[in-house]
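Report on one structure; see the data block that follows.
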Amino acid sequence: MHLSADGHTAAVLLFDSTMSVYDTPSGELLCELMKKGERDAMRVHSGGVNGVLLTADGSRAISWSKDATARVWDTATGACTMVLQVGCDSFGH
C-alpha cells in the first residue's frame with residue numbers, strides 16, 4: 001500500500017496483482033487499475049506486478065511489473081495513460 005502525500009488517497013496492491021485506489025477518509029473505492037486475472041496487454045501488465053506508488057497529489061499512480069514495463073495510471077478513471085519499457089523487473093532492487 002502507498003499513500004499520497006496528503007494521506008487522502010491509497011494505492012493497494014494485492015498478491016494476485018490486483019491494484020485498487022481508495023479514498024482513505026471514506027474508504028470508498030475510487031477505481032480498480034488492474035483486476036485479478038486481467039491480462040489484456042494493451043491495458044494492463046502481462047506479468048506479476050512488483051509495486052505501485054502514487055504521485056504526491058494522488059492523481060496518478062505508477063506501477064512496475066515482471067513484464068519489464070512501468071505504467072502510469074489516471075487514478076480518477078483507472079485508465080493507463082503511459083507504458084514505459086524499463087528493461088528490468090524492478091526499480092533499484
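The values are calculated or read from the model by the stated rules, or taken from the named source; none is laboratory data. Just so we're clear, the structure is a prediction, and the values are computed from it rather than from any experiment. Because the Cβ atoms are built from the backbone with ideal geometry, glycine has one as well, and the counts that use them run over all protein chains shown. These accessible areas exclude ligands, DNA and RNA; they are computed on the full protein's heavy atoms, side chains included. Shrake-Rupley method; radii C 1.70, N 1.55, O 1.52, S 1.80 Å.
Counting only protein heavy atoms, what percent of the accessible surface of the chain is carbon or sulfur at a 1.4 Å probe?
Working: 2890 of 5070 Å².
Here it works out to 57 percent.
At 1.4 Å probe size, with every protein chain present, just tell me what the per residue accessible area of the chain comes to in Å². Don't skip to the end; give the middle numbers.
Numbers: 5070 Å² over 93 residues.
I get 55 Å² per residue for this part.
May I ask you to compute the full-extension gain from C31 to L3, defined as 0.36 nm times their residue separation minus their alpha-carbon distance, rounded to one decimal in nm?
Once the chain is fully extended between C31 and L3, it gains 8.6 nm.
For the peptides 44-51, 59-66, 25-32, what is the packing order when you average, over each peptide's residues, the other Cβ atoms within 10 Å and list the highest mean first? Please list the in-between numbers first.
Values: 44-51: 17.8, 59-66: 19.6, 25-32: 11.6.
Descending packing order for the listed peptides: 59-66, 44-51, 25-32.
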